[in-house]
Amino acid sequence: MNGTVVVMVGPPGSGKGTQAKRLVDTLGTPHVSSGDLFRHHLSQETELGQLAQSYMEKGELVPDDVTVDMVMERIGRPDCEEGVILDGFPRTLTQAEALREALAGRGQGVTVVPLIRVSDEEVMRRLTARRVCEECGAVYNLVFKPPEKEGVCEVCGGDLTQREDDNPETVKHRLYTYYKETSPLIGYYFAQDLLVEIDGEQSVEEVGEDLVEAIREARQTA
């Protein structure tokens, strides 16, 4: 197998995106986030982006066929030939099978699947405290990373707002969707001896250290 393919799994608010970005420097492979791809399409006002946003705002998953086509196009680019860190994909068994087939066609396979465990209570606490700058998109958290001045972005001075998908009711629905649609992936990858559990309620640095160790061990046994 060429390269390292890491599939990040965990509930919303578990820190998958943050940790995936930290791993880019360590692994030297791209971080591909389905959410970032959707937002890119939305910023370009494509039909795909608007369709994806209509689901995301309700805390629901974007249909598999839309997600699979978009992500497969991205990981098929040259910069992903030596590996990739996947964040937010796959989220369903259908997507997982599509990924397996696509990688097999390139002589690759998933290297490791870190499952970042975070309690429902912690997810609620983290996500309802998140604020995003309307101007530059900088992200703050009233618990972990509050702005110096309430409601004002430190980067550009823009207004900080709570995203619609971060209000309590939507967060509950996102958790429900995660358990219903995404949690079967845990069994899928466990059966393939690819799943490694990580305590997501440690510090960002400690979670990162555990992830690097899990990937290092997986590489040695691949």
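The values are calculated or read from the model by the stated rules, or taken from the named source; none is laboratory data. Just so it is clear, the structure is predicted and the values come from calculations on it, not from any experiment. Please note: Cβ atoms are built from the backbone with ideal geometry, for glycine as well, and neighbour counts cover all protein chains shown.
Data overview
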read-out: Residue check, Ala98 at pLDDT below 95, closer than 25 Å to Gly10 by Cβ and touching a Pro at 6+ places or on another chain (Cβ under 9 Å); value: yes
read-out: Residue in the range 100-123 that is free of Cβ contacts under 8 Å to residues at least 40 places away in the same chain, among the basic types (Lys, Arg) and surrounded by 16 or more Cβ atoms within 10 Å (Cβ to Cβ) present; value: yes
read-out: Number of positions in the range 130-160 that are in contact (Cβ under 8 Å) with a residue 24 or more places away in the chain and over 17 Å from Gly13 (Cα atoms); value: 6
read-out: Cβ pairs under 6 Å, 6+ apart, first in the range 39-55 and modelled with pLDDT of 80 or more, second buried (at least 16 other Cβ atoms within 10 Å of the Cβ) and not in a helix (DSSP H, G or I); value: Tyr55/Val62
read-out: Residue list for the range 133-168, restricted to those being in contact with an Asp or Glu (Cβ under 8 Å, 6 or more places away or on another chain) and among the β-branched types (Val, Ile, Thr); value: Val152, Thr161
read-out: Whichever residue in the range 188-204 is modelled with pLDDT of 95 or more and assigned to a helix (DSSP H, G or I) and, among such residues, is surrounded by the most Cβ atoms within 10 Å (Cβ to Cβ); value: Tyr189
read-out: Selection count where residues are free of Cβ contacts under 8 Å to residues at least 12 places away in the same chain and among the charged types (D, E, K, R), scope the range 56-71; value: 2
read-out: Selection status of Arg117, within 17 Å of the chain's Cα centre (by Cα) and within 30 Å of Arg219 (Cα to Cα); value: yes
read-out: Total residues in the range 146-187, condition outside any loop (DSSP other than H, G, I, E, B) and either out of contact with any strand residue (DSSP E or B) (no Cβ under 8 Å at 6 or more places or on another chain) or at pLDDT 90 or above (or both); value: 24
read-out: Which numbered condition Val5 misses (of (1) modelled with pLDDT of 80 or more; (2) part of a loop (DSSP other than H, G, I, E, B)); value: (2)
read-out: Near pairs, Cβ below 8 angstrom, 6+ apart or cross-chain, from the range 72-93 (at negative phi) to any residue that is among the aromatic types (Phe, Trp, Tyr) and part of a helix (DSSP H, G or I); value: Leu93/Tyr188
read-out: Residues (within 17 Å of the chain's Cα centre (by Cα) and aliphatic (A, V, I, L, M)) located in the range 139-180; value: Val139, Val171, Leu175
